[in-house]
């Protein structure tokens, strides 16, 4: 065992220290690690734990967060990146002992455990993925940790409420929190543990020797450790996340005005602006829906066939000069900023005109269909230098206020009603196609409903003639920002759609190892790393899944038909059906949901499922060989078993020897060239190393 | 010899008058004044166009589902003598005299009416009392939304009919299983299950959900059969094989036969030809076949060809070039090569013609005998009208900066040499020496110098490119994608050496001769694939709704509105039935969980038989509701209230199940039983009243006044059209 572990660390660790430039997604996660060190606020579609840990590892190892992480292939130079990579690689190498322990616990067979562990050690894909600053090794660490502690507490079931039982149960909860905290894919392992727990409780319920009180205790213990504890930890991560990231950064615009006011350096932090809107003020308007954008316009016109061919008006999530609008009176075009004019405040119920500052067009609507939401009216920019027509007039109203009152920056919830048609300006939340730069649609809705989609607040407010007053803006409470950040993440995730005609990875590619992912290096002279599973291992896994289904079906039918099994076979079938079933369920849960996902998928999404598949391989082959051995005579059977296991191990080791350059890097001509060291190994035409 | 005459011939008929009465009531209530309104109502405008195309034998592709449903509707039109001449363009348009409205709407109405006795039979087969069964049938009978949907030329009622038929025949089969397996009746009901399932799937893909449910139920029953140790292994195997045959093989065969009929009937080319591959189009009469007939099969050096992109998305298009060049600088400041544009153009044009040239020779005509181009050969492609060479180089493409620009080479003498050699790779080759064939071969063009692949990016160029589609050289060609594949569509051997003559030749149409026939399976696979992958632009409809609105019926659909009288037809359900169905579902689930947990602790509240009945009936009804409803939450297409109707039917069947269970097991003494019965009568009367109240919106007559309409707006979210005066 110890020998094994040592082996793991040397295999994983030694080479990666020598590669001093960035690979692939390191640009993302490395950068986010730096953000934590610099305490700059950013936005990502994944929950924060993984990046926080990377940041922490960097911080502890002396990385100062100054490396820009601009594009793959950049050199790290003098920056201390070893800590972050080492951390990920350490977690990645923990997978092997975890797999070993899980299989050992489930099958009680040393050789099955060794087989599963050696598959993970000698899989080029796992090695490659754990070598760099990525979220996947962290995710897989927690995932396997959760499975391991689940298996452990299941085997403690004979002595419930003992210390180890509590330990493993609560550790399961902790690991679950970790898994969802890194990526939402962690939900699948939560599901696995949940199903296992339900099954567990069902068994307990059927045990009539237990009193209802004991049952209640069991239930409460699980609710506490597997639901409440993870929830608390998960929330705590976000608390830390928000506490650490207190400086304004690139992610601000995704969030509401109230949220932004928390961030140091944001123009809303301790803001001091003119309090009341006046004519001539330059403002930005933010939609009040979760992850709503700023009212935006630009020189581009709506394309032919989409309403009138006038200037586009959209909602845009980023801060931009094109978000600025000027409030004007509807009937005059005087410059209110002229010092001779007196200040005139905008009041609830006034009829106004909004002029786009950059293009001098008026916010306009008319009875044409909106581009996406066909029931609504189109909103455009119209007129030249502020001269338009009567369709440019809007009535400005504040929710829950009497007419004649002034309008406050940030606090007032504003509704803009189109005077001519009576419709209300709103953002539908739908993304426009390419012609609209994938910004969000803005429409005028004829259905008067009190939803945040149709409400806006004024965020920036510039008016040199008014005194700036420091506003103690509504500080949002923690549950509010937690909810908001989740809404933003979900929207971000569903926005990751593949583009048309783009070649994307399909879930059915993955188990057959159809195509890898290029981590770095394109040309012959480059140092190339290519994420691809060890094909021998992967195809063995694939075959094993079929084999497992066949064996399980045969066993279960035989039992159902009342076949008489010897004690030995009974134990084997128990391992096959129960332990194997759990692992098989894990594989299904981590693989099938991807078929239903609309977002962009990558090859590395399969790796959690691959872990389960490898463990299944260990269990299945061990059972098969034991079964064969049981059918033969004693000495002969033993020999078959030993040689079978040895052959499998050797096969795995030899294939690793063949394919190891994939993960440790290749130099020289491409594999299609006969002179390449990898010549003859390009077994599938779709591999590109 | 004449012994048989000694006995009188006696026919004893047993007629269930309940069933007859229900059928008659169903027919009356669904068929009454069927041809009113004589105008296009809602989705009739959609299905009608396909009926017309069937009548004219013109090929079409409909991405909404398989062809069996359309075929049934068309059959109605065929019986009524419809000639297909009607312009289906607007809801509310008056039908002309040649449209047999009654016979077009007859089939959906008949199937809708038959759902009533089917519901009765199903409950009887589930071993519920005739009283409960009668109640279920009445609920279906007085369900306004089901009536509206079956009185029009729409497919939901046909779908529901086949679903119920499949359920009923499976139940009949299962009940026969215990006493008399492998008898004629047993086989009949088993096979009917399979046939009804495939019909349901053939009408709409939604039928798949019920099919899966039935397969799961049958799987569960078979599992018990395997556990039955009184049966020999052989007879278990026979049982399983019979089920496999009837529930898997037969439906698949039926499904294929729908397509066979579809493809046989529709043999003329039509409006959707463009979606299909060139080979498919060539198999239709007229259209492309007329052009491609008789063109030489093997592409040779000197061939004049048009190249069609295999993917056909966003629109089918041909490789194209024209005199205009790329702008020197793009809007965003990047530079171009300023050479001649190469685009993909969605219309037939003389500028789509290219000539295949051997790099080693000067001539642009086909030698005698022709030298065919094979897989792996290196060619140059010469644009026919401008005689410039297809070229790519290390310049960023206009809209996809990560890929190379494709141009027709113009030598500006600025040390940018021509790189115009392309390797032809036939992707669907059988051997490595395959010849490049017209229409059949799918070809990749790999640039010799940079190994970039000619690809359609899918983006459309701005004004300077006339909004044509962008063509790029993909450097990192990840695997195979159809956007990189091209096939030769039109083809002839070039004969003219001189440019002037050649232009004349390019303008002339190609000559005609033989057609290439595809096998049925090839055509089926292609059509099926197109149906599944074709995506219409997602347009939000005025009456579209989300699945959450359906359970409480927060939405309705206005189907038709008479512009003068103001009469209108709405898809709006019997709200009382809907609410009761929801309550029944809730009660069922709670009681089920309660019993289940208690039984696990060995406490039996109800006898074993009642429990089994409770599980099987509930599994069918709640299961049917769940599988027909829940999947919609994951669908991204536009959804309407009528998608909920199959689920609703199952939910309605659950009401009498729950009611009977409550009377049998929870009301122990006589008094509550009597009260319960009285309550039932009151409840049924109110359901009838609601039905009567909303029937003007269901049947479209009588016309209601504005005040009456306003009083029918029971929910604020209902959209009932009230004219302002």
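The values are calculated or read from the model by the stated rules, or taken from the named source; none is laboratory data. None of these values were measured; they are calculated from a predicted model. Backbone-built Cβ (ideal geometry, glycine too); neighbour counts: all protein chains shown.
Within the stretch B:623-641, take every residue that is surrounded by fewer than 20 Cβ atoms within 10 Å (Cβ to Cβ) and part of a helix (DSSP H, G or I) and give me the one that is nearest to the other protein chains (Cβ to nearest Cβ). Going through the qualifying residues, I end up with B:634.
Yes/no matrix, rows are residues, columns are (1) at pLDDT 95 or above; (2) in contact with a helix residue (DSSP H, G or I) (Cβ under 9 Å, 6 or more places away or on another chain); (3) closer than 28 Å to residue A:190 by Cα; (4) surrounded by fewer than 21 Cβ atoms within 10 Å (Cβ to Cβ):
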site	(1), (2), (3), (4)
A:554	no, no, no, yes
A:557	no, yes, no, yes
A:564	no, no, no, yes
A:579	no, yes, yes, no
A:594	no, yes, yes, yes
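Annotation: residue A:34 fulfils all but one of (1) assigned to a helix (DSSP H, G or I); (2) touching a strand residue (DSSP E or B) at 6+ places or on another chain (Cβ under 9 Å); (3) modelled with pLDDT under 80; the unmet one is (3).
Screening residue B:294 with (1) modelled with pLDDT under 80; (2) touching a strand residue (DSSP E or B) at 6+ places or on another chain (Cβ under 8 Å); (3) outside any helix (DSSP H, G or I) gives one miss only, at (2). Which residues, counting only those in the stretch B:431-455, are outside any loop (DSSP other than H, G, I, E, B) and within 14 Å of another protein chain (Cβ to nearest Cβ)? Within the stretch B:431-455, B:444, B:446, B:453, B:454, B:455 qualify.
Here are A:395, A:401: which of them is in a loop (DSSP other than H, G, I, E, B), under 17 Å from residue A:456 (Cβ atoms), away from chain B (no Cβ under 14 Å) and in contact (Cβ under 8 Å) with a residue 12 or more places away in the chain?
On the way: A:395 fails: in a loop (DSSP other than H, G, I, E, B).
One residue alone meets the criteria, A:401.
Quick check on the stretch B:225-258: of everything there that is assigned to a helix (DSSP H, G or I) and farther than 24 Å from residue B:169 by Cβ, which residue is nearest to the other protein chains (Cβ to nearest Cβ)? Step through it out loud before you land on a result.
Looking only at the stretch B:225-258, we keep the residues that are assigned to a helix (DSSP H, G or I), and these are B:225-227, B:233-258.
In the following step, the residues that additionally are farther than 24 Å from residue B:169 by Cβ were identified as B:227, B:233-234.
Numbers: B:227: 5, B:233: 7, B:234: 12 Å.
The qualifying residue nearest to the other protein chains (Cβ to nearest Cβ) is B:227.
Kindly indicate whether residue B:586 is within 14 Å of chain A (Cβ to nearest Cβ), at pLDDT 90 or above and assigned to a helix (DSSP H, G or I). No, not satisfied. Set side by side, the residues A:200, A:252 differ, and just one is in contact with a helix residue (DSSP H, G or I) (Cβ under 9 Å, 6 or more places away or on another chain) and within 14 Å of chain B (Cβ to nearest Cβ), which is A:200.
Every condition in (1) closer than 22 Å to residue B:285 by Cα; (2) touching a residue at least 40 places away in the same chain (Cβ under 8 Å); (3) loosely packed, with under 15 Cβ neighbours inside 10 Å holds for residue B:60 except the one numbered (3).
For the residues A:194, A:173, the requirement of being on the phi < 0 side of the Ramachandran plot, in contact (Cβ under 8 Å) with a residue 40 or more places away in the chain and more than 14 Å from every other protein chain (Cβ to nearest Cβ) singles out A:173.
Looking at B:474, B:489, can you tell me which residue is in contact with a helix residue (DSSP H, G or I) (Cβ under 7 Å, 6 or more places away or on another chain), at the interface with chain A (Cβ under 10 Å from one of its Cβ atoms) and modelled with pLDDT of 80 or more?
From the options B:474, B:489, the qualifying one is B:474.
Scanning the stretch A:349-372 for residues that are buried (at least 20 other Cβ atoms within 10 Å of the Cβ) and part of a loop (DSSP other than H, G, I, E, B) yields A:350, A:361, A:370, A:371, A:372.
Find the residue count for the stretch B:566-580, including only residues that are part of a helix (DSSP H, G or I), within 27 Å of residue B:42 (Cα to Cα) and in contact with a helix residue (DSSP H, G or I) (Cβ under 9 Å, 6 or more places away or on another chain).
Residues in the stretch B:566-580 being part of a helix (DSSP H, G or I), within 27 Å of residue B:42 (Cα to Cα) and in contact with a helix residue (DSSP H, G or I) (Cβ under 9 Å, 6 or more places away or on another chain): 4 in total.
The single condition from (1) away from every other protein chain (no Cβ under 14 Å); (2) assigned to a helix (DSSP H, G or I) that residue B:483 fails is (1). Of the helices (runs of 4 or more DSSP H) lying entirely inside the stretch A:510-625, those carrying at least 1 residues that are within 14 Å of another protein chain (Cβ to nearest Cβ), free of Cβ contacts under 8 Å to residues at least 12 places away in the same chain and over 27 Å from the mean Cα position of the chain (by Cα) are A:535-560. A single entry from B:671, B:659, B:704 fulfils the requirement of being part of a helix (DSSP H, G or I) and surrounded by 13 or more Cβ atoms within 10 Å (Cβ to Cβ): B:659.
Looking for something under 28 Å from residue A:505 (Cα atoms), at pLDDT below 85 and part of a helix (DSSP H, G or I) - is there at least one such residue anywhere in the stretch A:663-678? Yes, there is a match, as at least one residue in the stretch A:663-678 is under 28 Å from residue A:505 (Cα atoms), at pLDDT below 85 and part of a helix (DSSP H, G or I).
Does residue B:565 satisfy being away from chain A (no Cβ under 14 Å) and surrounded by fewer than 18 Cβ atoms within 10 Å (Cβ to Cβ)? Here the answer is yes, as residue B:565 does meet what is asked. Looking across the stretch A:373-388, the residues that are more than 43 Å from the chain's Cα centre (by Cα), in contact (Cβ under 8 Å) with a residue 24 or more places away in the chain and part of a loop (DSSP other than H, G, I, E, B) come down to A:385, A:386, A:388.
Given the condition surrounded by 17 or more Cβ atoms within 10 Å (Cβ to Cβ) and either in contact with a strand residue (DSSP E or B) (Cβ under 6 Å, 6 or more places away or on another chain) or more than 23 Å from residue B:567 (Cα to Cα) (or both), answer yes or no: does some residue in the stretch B:6-16 qualify? If you could, list the steps in order and put the result at the bottom.
Initial filter on the stretch B:6-16 (surrounded by 17 or more Cβ atoms within 10 Å (Cβ to Cβ)): none.
Checking the stretch B:6-16: not a single residue is surrounded by 17 or more Cβ atoms within 10 Å (Cβ to Cβ) and either in contact with a strand residue (DSSP E or B) (Cβ under 6 Å, 6 or more places away or on another chain) or more than 23 Å from residue B:567 (Cα to Cα) (or both).
Considering the conditions (1) more than 34 Å from the chain's Cα centre (by Cα); (2) at pLDDT 90 or above; (3) away from chain A (no Cβ under 14 Å), residue B:571 is excluded by exactly one of them, (1).
Being surrounded by fewer than 21 Cβ atoms within 10 Å (Cβ to Cβ), under 42 Å from the mean Cα position of the chain (by Cα), more than 14 Å from chain A (Cβ to nearest Cβ) and under 24 Å from residue B:312 (Cα atoms) narrows it down to one residue among B:342, B:427, B:350, B:356; which is it?
Details: B:342 fails: surrounded by fewer than 21 Cβ atoms within 10 Å (Cβ to Cβ); B:427 fails: more than 14 Å from chain A (Cβ to nearest Cβ); B:356 fails: surrounded by fewer than 21 Cβ atoms within 10 Å (Cβ to Cβ).
Sole residue among the options that is surrounded by fewer than 21 Cβ atoms within 10 Å (Cβ to Cβ), under 42 Å from the mean Cα position of the chain (by Cα), more than 14 Å from chain A (Cβ to nearest Cβ) and under 24 Å from residue B:312 (Cα atoms): B:350.
Within the stretch A:199-221, is even one residue surrounded by 20 or more Cβ atoms within 10 Å (Cβ to Cβ) and either touching a residue at least 40 places away in the same chain (Cβ under 8 Å) or more than 19 Å from the chain's Cα centre (by Cα) (or both)?
Step one: filter the stretch A:199-221 for residues surrounded by 20 or more Cβ atoms within 10 Å (Cβ to Cβ), giving none.
For the stretch A:199-221, residues surrounded by 20 or more Cβ atoms within 10 Å (Cβ to Cβ) and either touching a residue at least 40 places away in the same chain (Cβ under 8 Å) or more than 19 Å from the chain's Cα centre (by Cα) (or both): absent.
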